[in-house]
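The values are calculated or read from the model by the stated rules, or taken from the named source; none is laboratory data. What you see is a predicted model; the values in this text were computed from it and never measured. Note that each Cβ is placed from the backbone with ideal geometry, even for glycine, and that neighbours are counted across all protein chains shown.
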Amino acid sequence: MATKENEQIITENNCETKMGLPYVLEAFTSIFNTGSISNKCCGELVVLGKVSHLALVKRTLENPLFKDLNQTTIIAKSIQTWNNCLALIDSPSPSA
């Protein structure tokens, strides 16, 4: 993985400041462990943007604490989470 490229993307897009910490932790748990992601968090994730989302996931995988994780699986889960959130945000909400 291109560490410098991820860092450059994260810096140039202010990725670390676009989402509040509670949402970052919720998305992280959904991707790196198991868990669901709330509609509000999905909204925050979509605002963050796909490029920032993937760069942050890839940077996390570069951390030695996560060296034992299957990177392909984590990347796939992050894309699945992104796609699910995008579909949720794009779909019209039922009118009350």
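No other residue among Leu69, Leu88, Leu54 is under 26 Å from Glu12 (Cα atoms) and either modelled with pLDDT of 95 or more or of a type outside the set (Gly, Ala, Ser) (or both) apart from Leu54. When you look at Ile37, is it surrounded by 14 or more Cβ atoms within 10 Å (Cβ to Cβ), of a type outside the set (Lys, Arg) and either on the phi > 0 side of the Ramachandran plot or not in a helix (DSSP H, G or I) (or both), yes or no? For Ile37, the condition - surrounded by 14 or more Cβ atoms within 10 Å (Cβ to Cβ), of a type outside the set (Lys, Arg) and either on the phi > 0 side of the Ramachandran plot or not in a helix (DSSP H, G or I) (or both) - is met. Taking first residues from region 24-49 that are within 17 Å of Asn70 (Cβ to Cβ) and partners that are of a type in the set (S, T, N, Q), the Cβ contacts under 8 Å between residues at least 6 apart in sequence or on separate chains come to Phe28/Thr60; Ser30/Ser36; Ser30/Thr81; Ile31/Ser78; Ile31/Thr81; Phe32/Thr60. When restricted to residues that are of a type in the set (Ser, Thr, Tyr) and surrounded by 17 or more Cβ atoms within 10 Å (Cβ to Cβ), region 40-83 contains 4. Filtered by the rule that a residue be surrounded by 14 or more Cβ atoms within 10 Å (Cβ to Cβ) and assigned to a loop (DSSP other than H, G, I, E, B), region 4-34 gives Asn13, Lys18, Met19.
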